[in-house]
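Enquirer: Pasting a structure here, questions to come.
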Ligand SMILES: CC(C)(COP(=O)(O)OP(=O)(O)OC[C@H]1O[C@@H](n2cnc3c(N)ncnc32)[C@H](O)[C@@H]1OP(=O)(O)O)[C@@H](O)C(=O)NCCC(=O)NCCS
């Protein structure tokens with residue numbers, strides 16, 4: 001079933017989530033500039049060429065072996081790009097690891113929450129039994145708030161990068 005999953009246009013009250021394409025790279029280079037975005041997720045601002053290469057690879061939509069489906073959307077507000085949301089779906093789960101990034105200039109206005117909520121709603125509509133997961137640095141309070149708004153809870157398990165694993169299973173003891 002997941003083999004045919006493809007990102008589709010999603011609209012929210014304020015935003016349009018456009019399936020990612022190479023044509024987004026030039027504008028997104030400016031959105032992803034600076035250093036603050038990378039405080040908890042690591043890495044650094046990509047050049048326009050690096051981003052075009054990344055978007056060309058991501059917009060293929062799946063890993064070569066078909067085990068992962070790559071779904072990426074650019075968050076657009078009034079015709080401009082402000083960030084992105086992404087879902088990596090494990091075809092044999094099905095589980096989807098989700099993530100969100102909003103450009104520094106556009107943060108603090110509920111954009112990540114609204115866009116991520118729309119993405120997760122879309123995913124659950126496509127695959128009602130899908131499990132939603134996320135990996136979040138324990139000090140990344142903004143991202144933790146987004147995850148909480150989606151109904152995810154921290155599991156206490158850390159990965160090798162020190163990020164905590166969140167999922168949408170009911171908290172133990174609940
Ligand atoms: C995490 C991120 C996407 C949030 O984007 P955003 O559009 O500002 O998020 P929202 O406006 O939807 O706010 C979400 C919550 O974070 C809180 N928040 C926003 N900026 C914050 C900050 N700098 N410090 C603490 N909390 C913050 C908001 O108050 C809100 O919480 P609330 O709804 O409980 O009040 C953005 O900060 C970002 O891109 N960070 C860098 C990349 C990153 O860490 N991505 C997450 C990878 S898991």
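The values are calculated or read from the model by the stated rules, or taken from the named source; none is laboratory data. Computed from a predicted structure; not experimentally measured. So basically every Cβ, Gly included, is an ideal-geometry build from the backbone, and we count neighbours across all protein chains shown.
Enquirer: Which ones in region 86-106 are farther than 19 Å from residue 35 by Cα and assigned to a strand (DSSP E or B)?
Expert: Listed by number, the residues that qualify are 86, 87, 88, 89, 90, 95, 96, 97, 98.
Enquirer: Mind listing whichever residues of region 28-44 are part of a loop (DSSP other than H, G, I, E, B) and more than 16 Å from residue 77 (Cα to Cα)?
Expert: Of all residues in region 28-44, those part of a loop (DSSP other than H, G, I, E, B) come to 32-35, 39-44.
Passing the criteria: 33, 34, 35, 39, 40, 41, 42, 43, 44.
Enquirer: Report every pair of residues separated by at least 6 positions or lying on different chains whose Cβ atoms are under 8 Å apart, first residue within region 107-127 and over 17 Å from residue 81 (Cα atoms), second surrounded by fewer than 19 Cβ atoms within 10 Å (Cβ to Cβ) and at pLDDT below 95.
Expert: 127/1; 127/94
Enquirer: Could you give every pair whose Cβ atoms fall below 7 Å, whose first residue belongs to region 159-174 and is more than 17 Å from residue 140 (Cβ to Cβ), and whose second residue is modelled with pLDDT of 75 or more and assigned to a loop (DSSP other than H, G, I, E, B), counting only separations of at least 6 or pairs across chains?
Expert: Pairs that qualify, where the first residue is more than 17 Å from residue 140 (Cβ to Cβ) and the partner is modelled with pLDDT of 75 or more and assigned to a loop (DSSP other than H, G, I, E, B), are 168/151; 168/152.
Enquirer: If you don't mind, there's one more thing I want to ask. Could you go through region 97-115 and let me know if any residue there is more than 21 Å from residue 14 (Cα to Cα), within 16 Å of the chain's Cα centre (by Cα), buried (at least 17 other Cβ atoms within 10 Å of the Cβ) and more than 16 Å from the ligand (Cβ to nearest atom).
Expert: No - not one qualifying residue is present in region 97-115.
Enquirer: Can you tell me which residue within region 139-160, out of those that are within 11 Å of the ligand (Cβ to nearest atom) and in a loop (DSSP other than H, G, I, E, B), is surrounded by the most Cβ atoms within 10 Å (Cβ to Cβ)?
Expert: 152
Enquirer: For region 34-60, give me each residue that is touching a strand residue (DSSP E or B) at 6+ places or on another chain (Cβ under 9 Å), more than 15 Å from residue 84 (Cβ to Cβ) and surrounded by 12 or more Cβ atoms within 10 Å (Cβ to Cβ).
Expert: The one that is touching a strand residue (DSSP E or B) at 6+ places or on another chain (Cβ under 9 Å), more than 15 Å from residue 84 (Cβ to Cβ) and surrounded by 12 or more Cβ atoms within 10 Å (Cβ to Cβ): 40.
Enquirer: Might you let me know whether region 19-27 holds any residue that is without any contact (Cβ under 8 Å) to a residue 12 or more places away in the chain, away from the ligand (no atom under 16 Å from the Cβ), in a loop (DSSP other than H, G, I, E, B) and on the phi < 0 side of the Ramachandran plot? Explain how you work it out, then say what you get.
Expert: Taking region 19-27 first, the residues without any contact (Cβ under 8 Å) to a residue 12 or more places away in the chain are 23.
Narrowing the set further to residues that are away from the ligand (no atom under 16 Å from the Cβ) leaves 23.
Then drop every residue that is not in a loop (DSSP other than H, G, I, E, B), which leaves none.
No, region 19-27 contains no residue that is without any contact (Cβ under 8 Å) to a residue 12 or more places away in the chain, away from the ligand (no atom under 16 Å from the Cβ), in a loop (DSSP other than H, G, I, E, B) and on the phi < 0 side of the Ramachandran plot.
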